[in-house]
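Student: One structure, pasted below without further comment.
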Amino acid sequence: MNFESWLSARHQEIPARSAAAVLELASGGSTVPFIARYRKEQTGGLDEVAVENVLESKKIWDEIVKRQAFILEEIEAQGKLTPELAGRIRTTFHLPTLEDLYLPYKKKRKTKAVIAREAGLQPLADWLWDVGHGAVGASGETPEHQAALYLNAEAGFTDTTLALKGAGEILIERLSETEELRQFVRREAFEKGALVSTKGEKAKPASKFELYFDSREPVASLMKPESSHRYLAMRRGWLEGELSLSLGDAPKHPGFEERLLSRFESAAGAAADSPAQTVLKKAARLALKAHVLLSIDGEVHAALKEIADAAAIHVFAENVRQLLLAAPFGSKAVLGLDPGLRTGCKLAVVDGAGKYLVSTVIHLHGDDQRQRAAKTLVATAKNASIQCIAVGNGTGGREAEAFVREALAAAGLVVPVVLVSEAGASIYSASETAREEFPDLDLTIRGAISIARRLQDPLAELVKIDPKSIGVGQYQHDVSPHALKTRLDQVVDSAVNQAGVSLNTASSHLLAHVSGIGPALGKAIVSARETNGVFASRQELLRVPRFTKKTFEQAAGFLRIPGGANPLDNTGVHPERYEALEVFAKGIGKGVSELLGTGAALVKSSRELRESLGAFTFDDVVKELEKPGRDPRDTFVPFSFRDGITELSHLEPGMICPGIVTNVTNFGAFIDIGVHQDGLAHISQLSERFVKDPREVVNPGDRVQVKVLAVNLEKKQISLTMRLREPAPFQPPVSAAPAVPPQRSVKPPPREPEASPVDRRWGALQKLK
């Protein structure tokens, strides 16, 4: 089997030719965004997910092939490699099964079985085995009589009991290394086993793990991405000592250990009525419980952790993507307000380019302070021609928002007021990046600037923060840090390249995520821009030190130059296609600029261009020409929470409230309704229809209407539902600016069909793609 056929068996939607093209392009230095966007003709139109699947699968394939070669070399060096065994190893591409084949030949430490074998007890073990399987007759001899022939005082086997025990160790090793038995236990564990959780020694009163104090979760169920979060919860309880975990019967498949033991005893020959039955039964039991079951238990936990990690990382990554691609307010002056009840609210003004202009502090305690604060706020808004006020949603945020609205209304100013997520803002404020940008400003002022910029362009500001600090994950502290970072970095890169970057205004942090650029070149571009002035064309990038032709190929299509010398520089059309468009325009007596907007219809009707560019590239070029410089993100619309609802105590069951989805998990969505504590709409409460994946209905940033089901003031918990009996279009409070669009429902791409039980682990992982 080669890589292409192996990949096709797991990703039937990826043609072999497409996979080969991806590997060739990647080996030549092409990035995932570039391959997916500008090499569709070679790949057959594979998207980023498919391209990543090919590259990730190749890593797994290389690991398997490398392991096969090592095992073959090791066994051959022992002189035990038969043609049949070599064939099995070369055709096995499941790592656990591969390790099963290698296990009998694996170099061992000084085990009890090795000691017994060195003491000459192998013939005794063979006799016991043969008797159990009827290969030889006992002829009236007992195991004790036979064991007396193999005593070895020097090795410590001074009597028949010790000799039989030593022979038993050899039998235990033989059984525990039998591939068929290990495969049977593995199959039973994954298909019919359950993870049994019981109350641990360190269990606390009113524990958050109380649900799992007496629970049986089928392994097959926990292997599904949509329910894998339960394993992470159980694992966290086990690590904290509040739970004990073991492998046992699934509710629908009782008798788990009995089935396993029966198979081992049968394999050992212990079922036969023979003198060796006692020794063989003991060997079967110990081989199962002390060796194989422990090993498979570890495999089960490893597989569950892998699936759960992948699911949690997938949830976090998709949530981060939604926040990064949230609608930008745009290049307009914004006043950022970082609320503070004790130290005062920090105000910072940024102009349309995000440049910091001025800052101050206002206090909201007492009538006198509030009056002075209102005057300061209004004066600042007027003097700086503020187009919107961004208020951080941290402690005191709702109170500050209400105050700002009142002050603006009293002064007759119509300025939108928007609550902005502060997640990660404090980390940015204390970061090296913030210190480089604003070395002379206080941390809190930096925070107010960040809040204002987040409203202007969420993507440009959030790339400065470690994505795991954005706080929209599910059990992100329990998953592999390396895997989480790798995936989140991929998502940030993908979002940046999807949105496109303005070459003459982007920060080095944003440029660093553009295909092929990276941190060093990002800084070099900004430095060149500051030294030589703005770029007039994409071609001028080649003058930047260390900006090679290969880098230009990878990056140019994702960079935009509004108002540049060539109008195509403000589109997603790659420079390598300019010549074809210029020739076409000249041929019909037009300028290139006349091909943009309504002029794209001229290009769209050209069969010659379609044939020369290729169908995929031609369609992309036409789309870019139709809407040059367009931002793929949604149009910004202000949002307001329900008036008079600022505290948990203000809520009552039955209330209808506007809200913003802040986090989506496998079990539901967390929704901010303006009371400092997000409410939970369980997956069963997201829609009137059955919902398998919450992301079928909502994504972070969506505006929704919810009904309050219950409020627990003691635990600070809010239960919400989106199942409104009389659905109505979303209506903002009277004090809000323009109407907010109704709830947006985004359907994810279709999932792959359920995997077969034999390859359930792989299939579950692929569902997350």
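The values are calculated or read from the model by the stated rules, or taken from the named source; none is laboratory data. Keep in mind the model is a prediction, meaning the values are calculated, not measured. Don't worry about glycine lacking a Cβ; one is built from the backbone with ideal geometry, like all the others, and counts go over all protein chains shown. Just the protein is used for accessible areas: all its heavy atoms, side chains included, with ligands, DNA and RNA removed. Shrake-Rupley method; radii C 1.70, N 1.55, O 1.52, S 1.80 Å.
Student: Could you rank the peptides 493-503, 621-631 by their average count of other C-beta atoms within 10 Å per residue, with the highest value first? Let's see the in-between values first.
Tutor: On the way: 493-503: 21.8, 621-631: 18.5.
Packing order, densest peptide first, comes out as 493-503, 621-631.
Student: For GLU191, put the label point 7 Å out on the Cα→Cβ axis and report which residues of segment 295-316 keep their amide N under 17 Å from it.
Tutor: Under cut-off, by backbone N: 300.
Student: Same structure, new question: To check my understanding: the extent here is largest minus smallest coordinate of the Cα atoms along each principal axis. What are those three numbers for segment 122-178, in Å, largest first?
Tutor: 31, 31, 14
Student: Compute the FRET efficiency between HIS133 and GLU179 as 1/(1 + (r/R0)^6), taking r as their Cβ-Cβ distance and R0 = 22 Å, and round to the nearest 0.05. Don't jump to the answer; show the numbers that get you there.
Tutor: Numbers: r = 18 Å, r/R0 = 0.81.
After rounding to 0.05, the efficiency reads 0.80.
Student: Mind giving me the FRET efficiency for LYS112 and MET1? R0 is 60 Å, r the Cβ-Cβ distance, nearest 0.05 is fine. Before the final figure, lay out each step's value.
Tutor: Values: r = 39 Å, r/R0 = 0.65.
About 0.95, to the nearest 0.05.
Student: With a 1.4 Å probe and every protein chain left in place, work out the accessible area per residue of the chain in Å², rounded to a whole number.
Tutor: Value for the chain: 47 Å² per residue.
Student: Right, next: Tell me the carbon and sulfur percent of the accessible area for the chain, rounded to whole percent, probe radius 1.4 Å. Present the calculation step by step, with values, prior to reporting the outcome.
Tutor: Details: 19000 of 36200 Å².
The nonpolar share, carbon plus sulfur, comes to 52 percent.
Student: Check the straight Cα-Cα distances from LYS716 and name the aspartates and glutamates below 17 Å, setting aside those fewer than 8 residues away within the same chain.
Tutor: GLU647, GLU652, ASP672, ASP678
Student: What nm distance separates the two modelled labels at THR395 and THR91, each placed 7 Å from Cα along Cα→Cβ?
Tutor: Here the modelled spin labels are 6.7 nm apart.
Student: Where in segment 614-654 is the amide nitrogen less than 13 Å from a point lying 7 Å along the Cα-to-Cβ axis of LYS590?
Tutor: Answer for this model: 622-623, 625-627.
Student: Rounded to the nearest 0.05, what FRET efficiency is calculated for THR486 and GLU201 with R0 set to 45 Å and r the Cβ-Cβ distance? Intermediate values should be presented prior to the final figure.
Tutor: Values: r = 36 Å, r/R0 = 0.81.
Result of the calculation: an efficiency of 0.80.
Student: In nm, give the distance between the simple-model label positions of ARG259 and LEU55, each being 7 Å from the Cα along the Cα-to-Cβ direction.
Tutor: 4.2 nm
Student: Once the piece of chain linking GLU432 and VAL65 is laid out straight, how much longer is it, given 0.36 nm per residue of separation minus the C-alpha distance between them? Present the calculation step by step, with values, prior to reporting the outcome.
Tutor: Numbers: separation 367, 0.36 × 367 = 132.12 nm, distance 4.34 nm.
That pair, GLU432 and VAL65, stretches by 127.8 nm at full extension.
Student: How about LYS549: which lysines have a C-alpha closer than 24 Å to its C-alpha, ignoring those fewer than 8 places off in the same chain?
Tutor: LYS549 reaches LYS40, LYS523.
Student: What does the convex hull of the Cα atoms come to per residue for segment 50-199, in Å³?
Tutor: On the way: hull volume 31.7 nm³, N = 150.
Per residue, the Cα convex hull of segment 50-199 comes to 211 Å³.
Student: Across bins of 20 angstrom width beginning at 0, how are the C-alpha pair distances of the chain distributed, in whole percent?
Tutor: Final binned percentages: 13, 37, 30, 15, 5, 0.
Student: OK, next. Over the alpha-carbon set of segment 255-396, work out the extent along each principal axis and list the three values in angstrom, largest first.
Tutor: 101, 35, 22
Student: Give me the distance in nm between label points sitting 7 Å out from Cα along the Cα-to-Cβ direction at ARG17 and VAL583, one decimal.
Tutor: Reported label-point gap for ARG17 and VAL583 is 2.4 nm.
Student: If the chain between ARG607 and GLN122 were fully stretched, how many nm would it gain, using 0.36 nm times the residue separation less the Cα-Cα distance? Don't skip to the answer; put the middle values down first.
Tutor: Values: separation 485, 0.36 × 485 = 174.60 nm, distance 7.96 nm.
My answer for the length gained is 166.6 nm.
Student: Sticking with this one: Please state the charge dipole magnitude for segment 94-162, taken about the Cα centre, from unit charges on C-beta atoms (+1 on K and R, -1 on D and E), reported in debye and rounded to the nearest 20.
Tutor: Details: 7 positive and 9 negative charges, 100 e Å.
Dipole about the Cα centre, nearest 20: 480 debye.
Student: With no solvent and one equal point scatterer per Cα, compute the Debye intensity ratio I(q)/I(0) for segment 453-582 at 0.10 Å⁻¹ and report its log10, rounded to two decimals.
Tutor: -0.36
Student: Okay, next question. Expected output is a single nm value to one decimal: the length gained when fully extending between ALA302 and ASP643, i.e. 0.36 nm times separation in residues minus the C-alpha distance. What is it?
Tutor: Once the chain is fully extended between ALA302 and ASP643, it gains 117.8 nm.
Student: Could you give the angle, 0 to 90 degrees to the nearest 10, between helix 615-626's Cα long axis and the longest principal axis of the Cα atoms of the chain?
Tutor: Once rounded, the angle reads 30 degrees.
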